[in-house]
Amino acid sequence: MLCSGFNVVGFNWISSPAATELESIVLDWMGKLLKLPSSFLFSGTGGGVLHGSTCEAAVCTLAAARDKALKELGGWENITKLMVYASDQTHFTFQKAAKLVGIPPSNFRFIETSLSTGFSMSSDQVRLAIEHDIKSGLVPLFLCATIGTTACGAIDPIAELGKVAREYKLWLHIDAAYAGSACICPELRHFLDGVELANSVSMNPHKWFLTNMDCCCLWIKEPRFLVDSLSTDPEILRNKASEFKAVLDYKDWQVALSRRFRALKLWIVIRRHGLANLVYHIRSDISMAKRFEAFVAKDDRFEIVVPRKFALVCFRLKPKQELEGAELNCRLLEAINSSGRAFMTHAVVGGIYVIRCAIGTTMTEERHVDALWKLIQEKAQGLLME
Ligand code: PLP
């Protein structure tokens, strides 16, 4: 409400010094909560920006990586050689972003994952794909690793992928949109080990960090690449502060010119709750997801398909025959959602149709989880009777 009410239109520093300065401050705060290396922080050698969504962050980082590579290769005609690597679990937004920055869809290489490795991307497979492409005269550009994939919460091995990215000089981006929030807990921070090898990292406080839509943090080690790619210098925006290069103009860190005072939201969340309460929020959601997982595991009619990751459980009603699995669970999901008492979503992972239970909103309590499980059992019973 404050962010809308103040109606700040912060194109550049001069149009709202407060919005700009506070944004840099909260990005450093958030980065410190995640124990990001100082190479990503303003207090070190990098910096961060708030975007509305990971989609925007993906477009901007891909544009920065593209322009850096094209400069080295000597011209735009090389754009068709640039290759992007991601797992088959990576959010579709990176595919869309690659296309938006002019990389042909056929240059987007999916690395296959499987249930046996928890749908995590293998660095050996990435290496093989890169080697193969280099032999074909292509230029590996960008590797996207995810901490907490959308469908099932899979976690890519950042340190191993970082080494491959370094060796072949790829831009490594870490998409921690969902599970980045969990890395404020000391016991979960290890998922970010190796982050020092990345070029950029993004996470969405609007997913699991009690922050209202829309809010995506993007940190970048060498912000000059972002600015080189996205900066514009129209006469109407010229001002002394920008000319002396003494300030930050966030218009050069994003697609749009106009921008809101998003920093206020994250500032309020961090100040209002404090680290201890935010850690408590993540831990209590994970413990509710564990509670849900235990309910499922105890009921023979169901099975956990992908072991819980963070606060996300992928499960299904066991089919009598595998071929019936998708239809049975699709009907169960419809029965749950049409009750109006809960709303769940599904995914297909490794060819298996699963129902997803993701705990993460501000007001969820154990009693809601218990009621949800009762509802699922009731609807499953109805289906099985049929
Ligand atoms: N990356 C991951 C891992 C996600 O789970 C999502 C959304 O579900 C996104 C990216 C896209 O985020 P946004 O809606 O902020 O673009």
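The values are calculated or read from the model by the stated rules, or taken from the named source; none is laboratory data. The structure displayed is predicted, hence computed values, not measured ones. Here the Cβ positions follow ideal geometry from the backbone for every residue, glycine too, while neighbour counts run over all protein chains shown.
Some observations on this one:
- Checking Ala86 against (1) among the hydrophobic types (A, V, I, L, M, F, W, C); (2) more than 22 Å from Ile158 (Cα to Cα); (3) within 16 Å of the ligand (Cβ to nearest atom), the condition it does not meet: (2)
- Matching residues in region 183-206 - criterion: being within 14 Å of the ligand (Cβ to nearest atom), in contact with a helix residue (DSSP H, G or I) (Cβ under 7 Å, 6 or more places away or on another chain) and either of a type in the set (Ser, Thr, Tyr) or closer than 15 Å to Ala57 by Cβ (or both): Ser200, Val201, Ser202, Met203, Asn204, Pro205
- Among residues of region 50-76 that are within 17 Å of Ala86 (Cα to Cα) and in the same structural domain as Ala256 (by the TED database), those with a Cβ under 6 angstrom from a residue that is of a type in the set (A, V, I, L, M) and within 8 Å of the ligand (Cβ to nearest atom), sequence gap 6+ or separate chain, pair up as Thr54/Ala177.
- So Lys221, is it basic (Lys, Arg), surrounded by 16 or more Cβ atoms within 10 Å (Cβ to Cβ) and touching a strand residue (DSSP E or B) at 6+ places or on another chain (Cβ under 9 Å): yes
- Selected residue (criterion: modelled with the highest pLDDT) from residues of region 207-225 that are among the charged types (D, E, K, R) and near the ligand (Cβ under 10 Å from one of its atoms): Lys207
- For Val49, the requirement of being at pLDDT 95 or above, out of contact with any Lys or Arg (no Cβ under 7 Å at 6 or more places or on another chain) and in a strand (DSSP E or B) is met.
- Scope region 51-83; condition buried (at least 18 other Cβ atoms within 10 Å of the Cβ), more than 13 Å from the ligand (Cβ to nearest atom) and hydrophobic (A, V, I, L, M, F, W, C); matching residues: Leu62, Ala63, Ala64, Ala65, Ala69, Leu70, Ile79, Leu82, Met83
- Hits in region 334-384 (condition: touching a strand residue (DSSP E or B) at 6+ places or on another chain (Cβ under 9 Å), aliphatic (A, V, I, L, M) and part of a loop (DSSP other than H, G, I, E, B)): Met344, Ile359
Table: residues versus (1) of a type in the set (Gly, Ala, Ser); (2) touching a Phe, Trp or Tyr at 6+ places or on another chain (Cβ under 7 Å); (3) assigned to a helix (DSSP H, G or I).
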residue	(1), (2), (3)
Ala246	yes, no, no
Arg260	no, no, no
Ala276	yes, no, yes
Val279	no, no, yes
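- Restricting Phe244, Phe209 to those that are free of Cβ contacts under 8 Å to residues at least 24 places away in the same chain and among the aromatic types (Phe, Trp, Tyr) reduces the list to Phe244.
- Selection status of Leu172, more than 30 Å from Gly274 (Cβ to Cβ) and surrounded by fewer than 22 Cβ atoms within 10 Å (Cβ to Cβ): no
- The condition of being within 25 Å of Gln254 (Cα to Cα), part of a helix (DSSP H, G or I) and modelled with pLDDT of 95 or more holds for only one of Ala86, Ala58, that being Ala58.
- Per-region count, region 211-228, residues of a type outside the set (Val, Ile, Thr) and either assigned to a strand (DSSP E or B) or outside the structural domain of Asp175 (by the TED database) (or both): 4
- Looking only at residues in region 110-158 that are of a type in the set (S, T, N, Q) and touching a His at 6+ places or on another chain (Cβ under 9 Å), the one that is nearest to the ligand (Cβ to nearest atom) is Thr150.
- So Asp193, is it acidic (Asp, Glu) and touching a strand residue (DSSP E or B) at 6+ places or on another chain (Cβ under 9 Å): no
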